[in-house]
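Attaching a single structure in structure tokens format; questions to follow.
Read-outs: derived from the displayed coordinates by stated rules, not from any lab. None of the values given here were measured: they were computed from a predicted structure. Cβ placement follows ideal geometry from the backbone for every residue including glycine, while neighbour counts extend to all protein chains displayed.
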Amino acid sequence: MRSRFLSLSLPSYGSGWSANRRIAIGAVAIAVLLAIAAIVALLTGGDNGHQAPDSVAPAPTGSPSSSEAAPEPSSGSGSVPEQPQIAEPVAYAKAAAQMLWSYDTRDTSRDQQLAGMHAWMTTETKYADWTSVSGQVPDPVLWSRMADQDQHATAHVTEGHYPGAFKQALTDDPSAITEAYIYVVTVNGTQQIAWKNGGAGAEERAVTLAVQCRPHQDCSLAAIAPSVTQ
């Protein structure tokens with residue numbers, strides 16, 4: 001059964017942030033968090049304490065090219081939900097994590113999945129790391145194999161919070177965040193995956209997101225961190 005169970009998930013964040021976007025996020029971190037060395041270690045060097053258990057499913061074996069552009073909106077977004085109108089960072093991050101952990105290959109193509117995810121991204125390209133988000137979607141061949149098995153997933157989010165280092169940095173200088181209003185939020189939850197002939201499984205999930213929430217505006221997704229930070 002394991003060989004038939006292909007997972008669209010966030011197991012290890014191996015794709016990471018692109019070099020250019022990491023510089024942009026790092027620049028924000030300097031202004032927001034005041035301690036660039038600590039934050040770089042926080043977001044790029046931490047261990048993922050919530051990796052998918054080996055007994056449930058293997059990680060995707062392929063990912064899009066780092067230069068892959070988002071599909072045209074005309075392709076539709078299939079089962080991917082529309083971005084909610086939420087102006088509070090933790091609440092928005094929880095909604096974004098639920099979106100990232102949910103998919104349905106029965107009625108959604110890979111291009112539609114990507115288009116739907118891209119609609120959640122901030123329009124401020126200086127801070128938008130699309131590579132870190134699109135890299136979570138398996139390559140076309142693997143997506144096709146998942147579709148052959150009618151694989152689909154839903155998610156239940158249990159909690160979201162600001163990592164301790166982020167909260168401490170904001171305490172040290174509350175005004176620093178006004179440069180870009182990018183917040184670091186970690187979300188925990190469970191992903192339920194099912195496929196044809198009654199196959200099913202569940203995995204604990206965790207992800208650390210960078211979300212942008214400017215005053216008097218709805219939040220949007222900026223990036224997925226390459227490792228989970230609690």
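Give, as a single signed number, the net charge of other residues whose beta carbon lies under 12 Å from the beta carbon of A153, with Lys and Arg counted +1 and Asp and Glu -1.
On the way: positive: R106, R205; negative: D104, D150, E203.
Charge balance near A153 sits at -1.
Taking a point 7 angstrom from the Cα of T123 along the C-beta vector, which residues in region 195-230 have backbone N less than 20 Å away?
211-223
What distance in nm separates the two pseudo spin-label positions at Q217 and H156, each 7 Å out from Cα along the beta-carbon direction?
3.6
Would you mind working out the magnitude of the charge dipole of region 80-141 relative to its Cα centre, with +1 at each Lys and Arg C-beta and -1 at each Asp and Glu C-beta, to the nearest 20 Debye? Don't skip to the answer; put the middle values down first.
Numbers: 4 positive and 8 negative charges, 16 e Å.
Dipole size: approximately 80 debye.
Also, I was wondering about something else. Given all pairs of different Cα atoms, what value in angstroms does the Kirkwood hydrodynamic radius of region 156-230 take? If you can, show how the numbers build up before the last one.
Numbers: mean 1/r = 0.0702 Å⁻¹.
Mean inverse Cα-Cα distance, inverted, gives 14.2 Å.
According to a simple spin-label model (label point 7 Å from Cα along Cα-to-Cβ), what is the distance in nm between D139 and K196?
Reported label-point gap for K196 and D139 is 2.4 nm.
Considering the dipole of region 114-230 built from charges on the beta carbon (Lys and Arg +1, Asp and Glu -1) around the Cα centre, which of T131, Q212, P174 is farthest to its positive end?
Checked the options; the winner is T131.
So, one more: Quote the FRET efficiency, to the nearest 0.05, computed for E82 versus S175 with a Förster distance R0 of 22 Å and r equal to the Cβ-Cβ distance.
Values: r = 33 Å, r/R0 = 1.51.
After rounding, the FRET efficiency stands at 0.10.
Net charge near A97: determine it from the other residues with C-beta under 12 Å of the C-beta of A97, scoring Lys and Arg +1 and Asp and Glu -1. Walk me through the numbers on the way to the answer.
Details: positive: K94, R205; negative: E159.
Spelling it out: positives minus negatives among the neighbours equals +1.
Further question: Work out, step by step, the length gained on full extension between D148 and Q230: first 0.36 nm times the residue separation, then minus their alpha carbon distance; give nm to one decimal.
Details: separation 82, 0.36 × 82 = 29.52 nm, distance 3.65 nm.
Length gained between D148 and Q230: 25.9 nm.
Please give every one of the lysines within straight-line cross-link reach of K94, meaning a C-alpha to C-alpha distance under 20 Å, and leave out same-chain neighbours fewer than 8 residues apart.
K167
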